[in-house]
Amino acid sequence: MRRAAPGLAFPRLYWWSERADELPFDALPPSFVLKANHGSGFNLLVPDKRAVSRDALATLGRRWLRTDFTRVGREWAYRNVRRAIFAEELLSGGKAGPPPDFKLFMFAGKLRLIQVDEGRGKRHTQALYDERWRFFEGTLAAEQGRPGPPPASLGVMIEAAEAVSAGVDFLRVDFYDIDGRAFFGELTNYPNKGVSRFRPAALDALFGEYLELDDSSKPGPTVDYAARIDENSVIPPASTR
């Protein structure tokens, strides 16, 4: 991502490990985000670490590491991910809670939709815009949001999203705008597991028309979801450090 989009900023990585029990709580800054890399929703904002305990965070991390997200969300791509826990910089947009999340929907490298999420953890809203930042009524998985001005770093976001999504039939590229700088968030090929529907339904048809799968497209590997998995096991490190 850094090579494809050199103009982007990235949250600072404080620590990572494949074992939650190694969390260096005392060495972490007063605020941070705890994350796992092998599923959706594995994140906890810690705006003041005095309000939490190391044991509670380690317990949460162990639970994340035990969870096989291919069974939770039927997302096969997570199956062989080397599971790990991260502590990263907590980004702030000058307001309480997380900053607005700008999600760019890219079809074969072309921007077709910008989704702006605000108020996560409180009153979650979404506002939708076309590639020219023209607001239109509609939402995907939250309450309808209000129109607002584009972020100062929108141009950098679009340039980065175009670079990383070139040659890919669909990719959602997420960003934050912090004091006019574009920070990278995440990438996903199937938002909301691919099951959430736009409201109104006409938007599903509209954006579905942009998706073109060429003859070389192949389905993902077959996954035996019925196979028993020991959910108390943690994938061992590939190598010792």
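Before moving on, here are some points about what is shown:
- Strands (runs of 3 or more DSSP E) contained in the stretch 62-138 and holding at least 2 residues more than 17 Å from the chain's Cα centre (by Cα): 110-118, 125-129
- Answer from L140, L57 - the residue that is open to solvent by less than 50 Å² (accessible area, probe 1.4 Å) and under 22 Å from F25 (Cβ atoms): L57
- Being in contact with a Pro (Cβ under 6 Å, 6 or more places away or on another chain), open to solvent by 80 Å² or more (accessible area, probe 1.4 Å) and without any contact (Cβ under 8 Å) to a residue 24 or more places away in the chain is a description that applies to R120.
- Among the residues of the stretch 150-172, none qualifies, meaning not one is surrounded by fewer than 18 Cβ atoms within 10 Å (Cβ to Cβ) and basic (K, R).
- Residue within the stretch 73-82 that is surrounded by fewer than 16 Cβ atoms within 10 Å (Cβ to Cβ), in contact with a Lys or Arg (Cβ under 9 Å, 6 or more places away or on another chain) and farther than 26 Å from G180 by Cβ present: yes
Rundown of residues vs (1) over 14 Å from the mean Cα position of the chain (by Cα); (2) of a type in the set (S, T, N, Q); (3) surrounded by 13 or more Cβ atoms within 10 Å (Cβ to Cβ), yes/no style:
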site: R3; (1), (2), (3): yes, no, no
site: P11; (1), (2), (3): no, no, yes
site: S17; (1), (2), (3): yes, yes, yes
site: D21; (1), (2), (3): yes, no, no
site: G39; (1), (2), (3): no, no, yes
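- Residue check, D130 touching a residue at least 24 places away in the same chain (Cβ under 8 Å), open to solvent by less than 50 Å² (accessible area, probe 1.4 Å) and of a type in the set (D, E): no
- Taking the stretch 124-182 as the range and being in contact with a Gly (Cβ under 9 Å, 6 or more places away or on another chain) and among the hydroxyl-bearing types (S, T, Y) as the test, the residues that pass are T125, T139, S153, S165, Y176.
- Hits in the stretch 12-51 - residues which are closer than 27 Å to W76 by Cα, part of a loop (DSSP other than H, G, I, E, B) and not hydrophobic (A, V, I, L, M, F, W, C): E18, R19, N37, H38, G39, S40, G41
- Among the residues of the stretch 147-205, those identified as in contact with a strand residue (DSSP E or B) (Cβ under 9 Å, 6 or more places away or on another chain), farther than 15 Å from D117 by Cα, assigned to a loop (DSSP other than H, G, I, E, B) and free of Cβ contacts under 8 Å to residues at least 40 places away in the same chain are A152, S153.
The values are calculated or read from the model by the stated rules, or taken from the named source; none is laboratory data. Just so it is clear, the model here is predicted, and its values are computed rather than measured. For neighbour counting, all protein chains shown are included, and Cβ atoms are generated from backbone atoms with ideal geometry for every residue, glycine included. Heavy atoms of the whole protein, side chains included, go into the accessibility calculation; ligands, DNA and RNA do not. Shrake-Rupley method; radii C 1.70, N 1.55, O 1.52, S 1.80 Å.
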